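*Asks:* Dropping the structure in here first, questions after.
The values are calculated or read from the model by the stated rules, or taken from the named source; none is laboratory data. Note that the structure is a prediction, hence the values are computed from the model and not measured. Ideal geometry is used to build each Cβ from the backbone, glycine not excepted, and the neighbour counts take in all protein chains shown.
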Amino acid sequence: MKMVNTSIAEFNFSVPLYIIEGLNQNQTYEIVVNNQTIKAKLLAAIPNGDTLTRTFPIKFKATLEKGFFYDGQEAKVALSKKGEIEAFVVPRDAVIKRFEQTVIFVVNEELQAVMIPVKIVGYLGSNVAIDAQGINENMRVVFKGNERIFPNSPLQIINNK
């Protein structure tokens, strides 16, 4: 025999990273199930994303005063995006994993590769928004062939776009 507590419900959603960054565990969220609005708290944001959809699971927990819901039943929640942030936008191909870090390579004045660790803050179509120390909008970012270069590698600019 298995006992089930039907007065507590967990709701799972898959959302993009920029939505997770705007969530707050102290805030109450309204989840709509079967035309019934339920107040819920953020239980967890799981840092194990789906690489195809680039989404991450989040869980909400609610105490049900009345009613019963089936596992897998449709639920809706309204979530706002993270507040406006400043970020640099580069082609997705510019961001790679190197030495267990997420990095981009930029070209310095001596035409050498400079590796800069970055944090991805959002996705915009074929581009990605990044945050990093030491970069500015005048830097040239390597986005083709960057998987074959290393810090201080000599570079030749073929197509200066």
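*Asks:* Filter region 111-132 for residues that are among the hydrophobic types (A, V, I, L, M, F, W, C) and part of a strand (DSSP E or B) and give the result. Give the derivation first.
*Replies:* Kept after step one, since they are among the hydrophobic types (A, V, I, L, M, F, W, C), are these residues of region 111-132: 111, 113-116, 118, 120-121, 124, 128-130, 132.
Across region 111-132, the qualifying residues are Ala113, Val114, Met115, Ile116, Ile120, Val121, Leu124, Val128, Ala129, Ile130.
*Asks:* While we're on this one: Within region 36-43, is there a residue that is of a type outside the set (D, E, K, R), farther than 13 Å from Ala75 by Cβ and either surrounded by 10 or more Cβ atoms within 10 Å (Cβ to Cβ) or out of contact with any Leu (no Cβ under 9 Å at 6 or more places or on another chain) (or both)?
*Replies:* Checking region 36-43: at least one residue is of a type outside the set (D, E, K, R), farther than 13 Å from Ala75 by Cβ and either surrounded by 10 or more Cβ atoms within 10 Å (Cβ to Cβ) or out of contact with any Leu (no Cβ under 9 Å at 6 or more places or on another chain) (or both).
*Asks:* Does Lys97 count as of a type outside the set (A, V, I, L, M) and surrounded by 13 or more Cβ atoms within 10 Å (Cβ to Cβ)?
*Replies:* Values: of a type outside the set (A, V, I, L, M): yes; surrounded by 13 or more Cβ atoms within 10 Å (Cβ to Cβ): no.
For Lys97, the condition - of a type outside the set (A, V, I, L, M) and surrounded by 13 or more Cβ atoms within 10 Å (Cβ to Cβ) - is not met.
*Asks:* Here's a follow-up. Give the residues of region 136-161 that are closer than 14 Å to Pro91 by Cα, assigned to a loop (DSSP other than H, G, I, E, B) and touching a residue at least 40 places away in the same chain (Cβ under 8 Å), sorted by residue number.
*Replies:* Glu137, Phe143, Lys144
*Asks:* Another question, then. Any residue at all in region 69-87 that is among the hydroxyl-bearing types (Ser, Thr, Tyr), within 20 Å of Leu23 (Cβ to Cβ) and surrounded by fewer than 10 Cβ atoms within 10 Å (Cβ to Cβ)? Walk me through how you get there before you give the answer.
*Replies:* Kept after step one, since they are among the hydroxyl-bearing types (Ser, Thr, Tyr), are these residues of region 69-87: 70, 80.
So of that shortlist, the ones also within 20 Å of Leu23 (Cβ to Cβ) come out as 80.
Those still in the list that are surrounded by fewer than 10 Cβ atoms within 10 Å (Cβ to Cβ) too: 80.
Yes, region 69-87 contains a residue that is among the hydroxyl-bearing types (Ser, Thr, Tyr), within 20 Å of Leu23 (Cβ to Cβ) and surrounded by fewer than 10 Cβ atoms within 10 Å (Cβ to Cβ).
Every residue, every condition in (1) modelled with pLDDT under 85; (2) in contact with a Ser or Thr (Cβ under 8 Å, 6 or more places away or on another chain); (3) outside the structural domain of Ile130 (by TED's automatic domain parsing), yes or no:
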{"residue": "Tyr18", "(1), (2), (3)": "yes, no, yes"}
{"residue": "Asn35", "(1), (2), (3)": "no, no, yes"}
{"residue": "Leu42", "(1), (2), (3)": "no, no, yes"}
{"residue": "Asp50", "(1), (2), (3)": "no, yes, yes"}
{"residue": "Pro57", "(1), (2), (3)": "no, yes, yes"}
{"residue": "Gly67", "(1), (2), (3)": "yes, no, yes"}
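*Asks:* Moving on to the next point. Which of (1) assigned by TED's automatic domain parsing to the domain that holds Ser14; (2) at positive phi; (3) at pLDDT 90 or above does Glu100 not meet, given it meets every other one?
*Replies:* Failed condition: (1).
*Asks:* I'd like the full set of residues that are over 23 Å from the mean Cα position of the chain (by Cα) and surrounded by 11 or more Cβ atoms within 10 Å (Cβ to Cβ), limited to region 127-152.
*Replies:* Step one: filter region 127-152 for residues over 23 Å from the mean Cα position of the chain (by Cα), giving 138-140, 144-145, 148-152.
Hits for region 127-152 are Met139, Arg140, Lys144, Gly145, Ile149, Pro151, Asn152.
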